[in-house]
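Down below is the structure, laid out as structure tokens.
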Amino acid sequence: MKTYLDCIPCFFRQAIDASELKGAGDRNKKRIICDIAAAIPSMDMRRSPPELDKKIIDILKKRLKTADIYREVKKKSNKRALAFYPHMKRRVAGSKDTMASAVKTAIAGNIIDCGAMQMSKMEESFTAALQKIKSGKKGRHARFDIKEFKGYAGRSRLILYLADNAGETVFDRILIEEIKESSPSARIVYAVKSRPALNDALERDARESGIDRCAEIFKSGSDIAGTVLSGCSARFRELFKSADMVISKGQGNYEALSESKRAVFFLFIAKCGVVAGHTGCAVGDGMLLYHEGKTKRGK
């Protein structure tokens, strides 16, 4: 997916949110805004938003003098989500269609995003997102391709699950555990960032969430907020190519991989008009979108 002009205000909003989180003064905020403004004219808008956002993240790290801007936010997200885990686990187990319920739970977890809500409101925001997904109220073209998802999950020997945000990882765990329950022999690999990129999950976030109990944790080699294959390691690219099934969480991963030649299952909430327009759904819709690609496997 290319970057649209409407994406540019979000770059500035992201920078201001991060600056305020780290207590930056007005002078430093202005420097950051000027740095971003200077970088925009040379940006190739044919590239995906995560690719261009890498420049914004690098500016923030330099000006705020910290590599992991959202470390404390991520720790709080993991802790609060874990407190909610037993309740959601019981709800999934008690549902008529446990796989569909686990998928919806994982999608609702995508509401956890830096700047998207206060940590004290996590349970409320998550519950509201889940209720909307379960109600079936959505844009005309919003999709929930559960039949294809179940088919792939049931026959795949190697499943690659692309993580998105910390905290959200706890709800990914519920879906992974459900897949393992139905397909015990499946090897599930959970890919995280190698270095900080906003509030994207790192290895420690996955471990704090208990992912290591149900899947292998694999570092992608990237520090881009979205799975941009050119920014990942050769080992990860080979894994992406050879996996029988790829599950991609979050809007950033959709932006980066929406034109992939291989089949991908995208699970996310559309958080902006650009992505909603690109998919045909409404802002706030939860999606399980099966992207068939041009080949069963392959980049």
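Rundown of residues vs (1) under 17 Å from Gly231 (Cβ atoms); (2) of a type in the set (S, T, N, Q); (3) in the same structural domain as Arg195 (by TED's automatic domain parsing); (4) in contact with a His (Cβ under 8 Å, 6 or more places away or on another chain), yes/no style:
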{"position": "Arg27", "(1), (2), (3), (4)": "no, no, no, no"}
{"position": "Cys34", "(1), (2), (3), (4)": "no, no, no, no"}
{"position": "Ala37", "(1), (2), (3), (4)": "no, no, no, no"}
{"position": "Ile40", "(1), (2), (3), (4)": "no, no, no, no"}
{"position": "Met45", "(1), (2), (3), (4)": "no, no, no, no"}
{"position": "Ser48", "(1), (2), (3), (4)": "yes, yes, no, no"}
{"position": "Leu52", "(1), (2), (3), (4)": "yes, no, no, no"}
{"position": "Asp58", "(1), (2), (3), (4)": "yes, no, no, no"}
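Answer with yes or no whether Ala256 is farther than 24 Å from Leu130 by Cβ, touching a helix residue (DSSP H, G or I) at 6+ places or on another chain (Cβ under 6 Å) and crowded, with 19+ Cβ neighbours inside 10 Å. It would help to see each step written out before you state the result.
Numbers: farther than 24 Å from Leu130 by Cβ: yes; touching a helix residue (DSSP H, G or I) at 6+ places or on another chain (Cβ under 6 Å): yes; crowded, with 19+ Cβ neighbours inside 10 Å: yes.
Yes; evaluated as a whole, the condition is true for this residue.
In contact (Cβ under 8 Å) with a residue 12 or more places away in the chain and within 30 Å of Lys132 (Cα to Cα) - does that describe any residue in the stretch 21-42?
In the first step, residues of the stretch 21-42 are kept if they are in contact (Cβ under 8 Å) with a residue 12 or more places away in the chain; the result is 21-22, 24, 28-29, 31-33, 35-36, 39-40.
Still in the running and within 30 Å of Lys132 (Cα to Cα): 21.
For the stretch 21-42, residues in contact (Cβ under 8 Å) with a residue 12 or more places away in the chain and within 30 Å of Lys132 (Cα to Cα): present.
Might you let me know whether the stretch 242-251 holds any residue that is in the same structural domain as Ala163 (by TED's automatic domain parsing), without any contact (Cβ under 8 Å) to a residue 40 or more places away in the chain and surrounded by fewer than 24 Cβ atoms within 10 Å (Cβ to Cβ)?
Applying the first criterion (in the same structural domain as Ala163 (by TED's automatic domain parsing)) to the stretch 242-251 yields 242-251.
Add one more test, that the residue is without any contact (Cβ under 8 Å) to a residue 40 or more places away in the chain, and what stays is none.
Taking every residue of the stretch 242-251 in turn, none turns out to be in the same structural domain as Ala163 (by TED's automatic domain parsing), without any contact (Cβ under 8 Å) to a residue 40 or more places away in the chain and surrounded by fewer than 24 Cβ atoms within 10 Å (Cβ to Cβ).
Keeping to the stretch 59-72, report how many residues are surrounded by fewer than 20 Cβ atoms within 10 Å (Cβ to Cβ) and within 14 Å of Asn199 (Cα to Cα).
Matching residues across the stretch 59-72 total 6.
Limited to the stretch 201-241, what total is found for residues that are crowded, with 18+ Cβ neighbours inside 10 Å, without any contact (Cβ under 8 Å) to a residue 60 or more places away in the chain and under 30 Å from Asp97 (Cβ atoms)?
Qualifying residue count, the stretch 201-241: 6.
Pairs, please: C-beta under 9 Å, at least 6 apart or cross-chain, first residue free of Cβ contacts under 8 Å to residues at least 60 places away in the same chain and in the stretch 150-164, second among the polar types (S, T, N, Q)?
Partner pairs satisfying both residue conditions: Lys150/Ser182; Gly154/Ser182; Gly154/Ser183.
Could you figure out which of (1) charged (D, E, K, R); (2) out of contact with any strand residue (DSSP E or B) (no Cβ under 6 Å at 6 or more places or on another chain); (3) modelled with pLDDT of 95 or more; (4) farther than 27 Å from Lys54 by Cα isn't true of Arg195?
Status for Arg195: all satisfied but (4).
Do you know which residues across the stretch 134-170 are part of a helix (DSSP H, G or I) and at pLDDT below 80? Break it down stepwise before answering.
At the first step, the residues of the stretch 134-170 found to be part of a helix (DSSP H, G or I) are 134-135, 146-155, 168-170.
Lys134, Ser135, listed by residue number.
Please indicate, with yes or no, whether at least one residue in the stretch 182-198 is in the same structural domain as Ala83 (by TED's automatic domain parsing), assigned to a loop (DSSP other than H, G, I, E, B) and surrounded by 23 or more Cβ atoms within 10 Å (Cβ to Cβ).
Yes, the stretch 182-198 contains at least one residue that is in the same structural domain as Ala83 (by TED's automatic domain parsing), assigned to a loop (DSSP other than H, G, I, E, B) and surrounded by 23 or more Cβ atoms within 10 Å (Cβ to Cβ).
Assuming Lys121 fulfils every condition listed in (1) outside any loop (DSSP other than H, G, I, E, B); (2) farther than 17 Å from Phe265 by Cα; (3) modelled with pLDDT of 95 or more; (4) among the basic types (Lys, Arg) apart from one, which condition is it?
(3) is the only condition that Lys121 fails.
Would you say Asp200 is touching a Phe, Trp or Tyr at 6+ places or on another chain (Cβ under 8 Å) and not aromatic (Phe, Trp, Tyr)?
Numbers: touching a Phe, Trp or Tyr at 6+ places or on another chain (Cβ under 8 Å): no; not aromatic (Phe, Trp, Tyr): yes.
No, not satisfied.
Could you tell me how many of the residues in the stretch 268-299 are at pLDDT below 90 and assigned to a strand (DSSP E or B)?
Here the count works out to 1.
The values are calculated or read from the model by the stated rules, or taken from the named source; none is laboratory data. None of the values given here were measured: they were computed from a predicted structure. FYI the Cβ positions are ideal-geometry reconstructions off the backbone, even for glycines, and counts take in every protein chain you see.
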